[in-house]
Amino acid sequence: MIRGSPKSREEFEAELSRLRDRIAELEQQRAELIIKLQEALNQTWAPGEFLPICSSCKKVRDEKGFWHPVEHYFRQHTRVEFSHGVCPDCARQLYPQAFSEKPSVQ
């Protein structure tokens, strides 16, 4: 038994009533949390949805029809943070002199 053994039937029924009230309270809190989680999920982009993105500049169209850089869109709709770098293909295109064939030294 919780909190020791009840001394009488009245004490047992009082403890049972308290436990039922606590269960009801916890079930209400659980239901409220589920609603909050569902609302949060509805406000975020989920993989599998179509994301309108410009094939040229890669800006993303939001729900209101405005175009934003992809980083802005994801910051607004997810918890994603970006760090920028240059991929090898773009590095070769942007900095060809750094990737030009150098004569081999013998």
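Could you please find all residues in region 53-99 being among the charged types (D, E, K, R), surrounded by fewer than 10 Cβ atoms within 10 Å (Cβ to Cβ) and out of contact with any helix residue (DSSP H, G or I) (no Cβ under 8 Å at 6 or more places or on another chain)?
Hits for region 53-99 are E63, K64, R79, D89.
From the residues in region 20-52 that are among the polar types (S, T, N, Q) and at pLDDT below 95, which one is surrounded by the fewest Cβ atoms within 10 Å (Cβ to Cβ)? Steps first, please.
First, the residues of region 20-52 that are among the polar types (S, T, N, Q): 28-29, 38, 42-44.
Keeping just the survivors that are at pLDDT below 95 gives 38, 42-44.
Values: Q38: 10, N42: 8, Q43: 10, T44: 12.
Across region 20-52, the extreme among qualifying residues is N42.
The values are calculated or read from the model by the stated rules, or taken from the named source; none is laboratory data. Remember, it's a predicted structure, so these values are computed and weren't measured experimentally. Note that we place each Cβ from the backbone using ideal geometry, even for glycine, and neighbour counts take in every protein chain shown.
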